[in-house]
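Nothing in this text is a laboratory measurement; each read-out follows from the coordinates by a stated rule. Because the structure is a prediction, the values reported are computed rather than measured. Quick reminder, even Gly has a Cβ in these numbers, built from the backbone with ideal geometry, and neighbours come from all protein chains shown.
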Amino acid sequence: MRKFGLIGKRLGHSLSQELFEAQGFRDAGYGIYEMASLDGLRRWVEAEGISGFNVTIPYKQTILPLLDAVDDMAAEIGAVNCVSVVHGLLVGHNTDAPAFMATLAGEPSLGKALILGTGGAARAVAYALGQMGVEHVFASRKPQTADVEPVIGYEDITAEYDTIVNATPVGMYPDSGNTPLPLATLVDKTSPLLVYDLVYNPTQTLLMREAETLGARAKNGLDMLRRQAELSWAIWGL
């Protein structure tokens with residue numbers, strides 16, 4: 001049986017295994033592997049006989065120097081969320097960006113977008129928005145240390161944005177009572193605001209509930225999760 005899986009630090013929120021098993025792939029299994037660090041990653045791949053794996057918080061960027069190669073998109077984004085094992089070599093890919101882009105097909109103009117966070121998911125979102133011609137800005141709690149551009153501090157966020165994307169884990173199970181920022185001061189527009197929370201567990205986050213209360217449209221990350229998973233399965237030849 002070919003073995004696949006998801007690696008990350010805290011994975012209690014993940015639905016990746018359920019999505020995989022629902023496909024009924026023959027001779028293929030998917031596991032959830034919490035890792036305190038990436039030390040010994042290659043030994044783990046070899047010992048477990050892993051054929052491919054997904055990568056989530058906080059390793060989408062730190063895994064890069066441990067790989068033998070990355071595809072062009074992942075290299076440009078600077079983050080990997082899917083790894084294929086080819087003749088013992090670890091090859092990195094990014095399925096987050098095309099998945100995010102696909103979930104916005106049919107949406108009206110996104111206007112100017114604000115991306116909360118500067119990690120691997122945020123970079124994939126920025127790449128996708130760039131491909132779509134959408135002007136965007138990152139927001140960081142420590143903008144002076146962020147290595148992305150353009151970036152502002154949370155205290156500098158105003159109501160000028162038409163789309164807000166939460167690319168942080170804030171509000172994710174089991175910390176579902178948290179929100180990355182209060183929306184009340186940001187919803188002062190004649191055009192509708194889209195709040196896209198990449199968190200999918202819970203399916204309606206506190207950020208989304210606040211958005212809907214204020215009359216904004218809200219979207220979670222479940223569709224993106226499914227689409228990036230499907231792209232990963234295709235890379236693995238399933």
Worksheet entry | Over the chain: helical MRE at 222 nm, DSSP H runs n ≥ 4 each giving -39500 (n - 2.57), nearest 500 | -7500 deg cm²/dmol
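Normalise the Cα radius of gyration of region 1-112 by 2.2 N^0.38 Å (N = residues in it) and let me know the number. Write down the numbers at each step before the final one.
Values: Rg = 15.0 Å, N = 112, 2.2 N^0.38 = 13.2 Å.
The value comes to 1.14.
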Item to complete: Evaluate E = 1/(1 + (r/R0)^6) for ASP156 and VAL86, where r is the Cβ-Cβ distance and R0 equals 41 Å; express this FRET efficiency to the nearest 0.05.
Response: 0.40
Practice prompt. Can you pull the one-decimal nm distance between simple spin-label points at MET35 and GLU230, each 7 Å off the Cα toward Cβ?
Written response: 2.8
Item to complete: Could you rank the peptides 117-127, 154-164 by their average count of other C-beta atoms within 10 Å per residue, with the highest value first?
Response: 117-127, 154-164
Discussion item. Largest first, please: the extent of the C-alpha atoms of region 98-221 along each principal axis, to the nearest Å.
Written reply: 32, 31, 28
